[in-house]
Amino acid sequence: MYNMKPLIIAGREFNSRLFLGTGKFSSNALMQESIVASGCEMVTVAMKRIELDDKEDDMLNHIISPNIQLLPNTSGVRDAREAVFAAQMAREAFGTNWLKLEIHPDPRYLLPDSVETLKATEQLVKLGFVVLPYCQADPTLCKRLEEAGAATVMPLGAPIGSNQGLRTRDFLSIIIEQSNVPVVVDAGIGAPSHAAEAMEMGADACLVNTAIAVASNPVEMAIAFKEAVIAGRRAFEAGLGEQSIDFTAQASSPLTSFLG
Amino acid sequence: MNIYLNGKAIECRASNIAQLHSELGLPPMVAIALENKVIPKAEWESTPLSEESHLVIIRMACGG
């Protein structure tokens, strides 16, 4: 039987190349069911300040499992200094040094600040964090993040939650071609076909949240994404045929002498 | 004594961070910073609170 290559990040092996975000689900139970259905082995979580009269269900009970790597994010920070503080808080709270670094001070497009992201990556790697930075689909930046010791790069397909797909397609291709660390396409993936396309291009994994969480049936959508990521990866490993440079047909059947 | 928790003034009896954690009935997986310095769990017991201390306490939330 053919087995897909496992993905290795910072020495940890992942059999699933789909990572899930935990935001926007209508309930923790539905989130948990979707995580299980997706087969994913890494989920992102956020942090918030406690409120003493907060009686909400503790989401931890719904996601803690030995098969699942928690990936705390730094959402809400505005610069590298705040990101380092948030990372240290996350490490204490969740007992993991893995971190989704995200610094997006602009509330309209939530686009990551490249200068602060690179600065924070350099500092956090020195502090012993496994840093997975959410970043612009900028090939030069991705190389700089790799040199700074990032465990992956996570370029965006389109703005967070936009479901717009791989608007940065051509730059993602260059990033994938050049990268020596896994490339995780994060943000903007709105349909299983977008995820399959990223995987066919050779991305190492996809991180999906909104498209699953806000679907009419998130559990079914989680399964659809799981299958799309597998299909796309299989196609990449199997080696896709080359595209013609124009619309000229390339016969797939013999054209000669059938009817004499 | 009077301390500031996430920017709000509260009254507490605790004299160190471990006691405050238990007095407030907080879940185990939280992180606590005192005067913007993260205090590792192993140091909660030995980190005293004083009048007007500023604390930040965070917990896990859903997010992408």
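The values are calculated or read from the model by the stated rules, or taken from the named source; none is laboratory data. The shown structure was predicted, so the numbers you read here are calculated from the model rather than taken from an experiment. We place every Cβ from the backbone using ideal geometry, glycine too, and count neighbours over all the protein chains shown. To get the accessible areas, we keep the full protein, side chains included, count just its heavy atoms, and leave off ligands, DNA and RNA. Shrake-Rupley method; radii C 1.70, N 1.55, O 1.52, S 1.80 Å.
Here are the numbers:
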{"read-out": "Options A:LEU20, A:LEU60, A:LEU70, A:LEU52: the member that is touching a Phe, Trp or Tyr at 6+ places or on another chain (Cβ under 8 Å) and either of a type outside the set (Ser, Thr, Tyr) or within 11 Å of another protein chain (Cβ to nearest Cβ) (or both)", "value": "A:LEU70"}
{"read-out": "Checking A:MET4 against (1) part of a loop (DSSP other than H, G, I, E, B); (2) farther than 17 Å from A:ALA196 by Cα, the condition it does not meet", "value": "(2)"}
{"read-out": "Output for the range A:7-38, where each listed residue is touching a helix residue (DSSP H, G or I) at 6+ places or on another chain (Cβ under 8 Å), within 23 Å of A:VAL183 (Cβ to Cβ) and either part of a loop (DSSP other than H, G, I, E, B) or free of Cβ contacts under 8 Å to residues at least 40 places away in the same chain (or both)", "value": "A:SER16, A:ARG17, A:THR22, A:GLY23"}
{"read-out": "Tally, over the range B:10-61, of residues that are open to solvent by 60 Å² or more (accessible area, probe 1.4 Å) and of a type in the set (A, V, I, L, M, F, W, C)", "value": "1"}
{"read-out": "So A:LEU132, is it over 22 Å from B:GLY63 (Cα atoms), within 14 Å of another protein chain (Cβ to nearest Cβ) and touching a residue at least 40 places away in the same chain (Cβ under 8 Å)", "value": "no"}
{"read-out": "Test: residue in the range B:1-18 that is within 12 Å of chain A (Cβ to nearest Cβ) and out of contact with any strand residue (DSSP E or B) (no Cβ under 7 Å at 6 or more places or on another chain)", "value": "yes"}
{"read-out": "Test: residue in the range B:5-16 that is more than 30 Å from A:LEU18 (Cβ to Cβ), among the polar types (S, T, N, Q) and assigned to a strand (DSSP E or B)", "value": "yes"}
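Residue-wise test of (1) β-branched (Val, Ile, Thr); (2) without any contact (Cβ under 8 Å) to a residue 12 or more places away in the chain; (3) within 20 Å of A:GLY157 (Cα to Cα); (4) open to solvent by less than 50 Å² (accessible area, probe 1.4 Å).
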{"site": "A:GLU200", "(1), (2), (3), (4)": "no, no, yes, no"}
{"site": "A:ASP204", "(1), (2), (3), (4)": "no, no, yes, yes"}
{"site": "A:VAL208", "(1), (2), (3), (4)": "yes, no, yes, yes"}
{"site": "A:ALA238", "(1), (2), (3), (4)": "no, yes, no, no"}
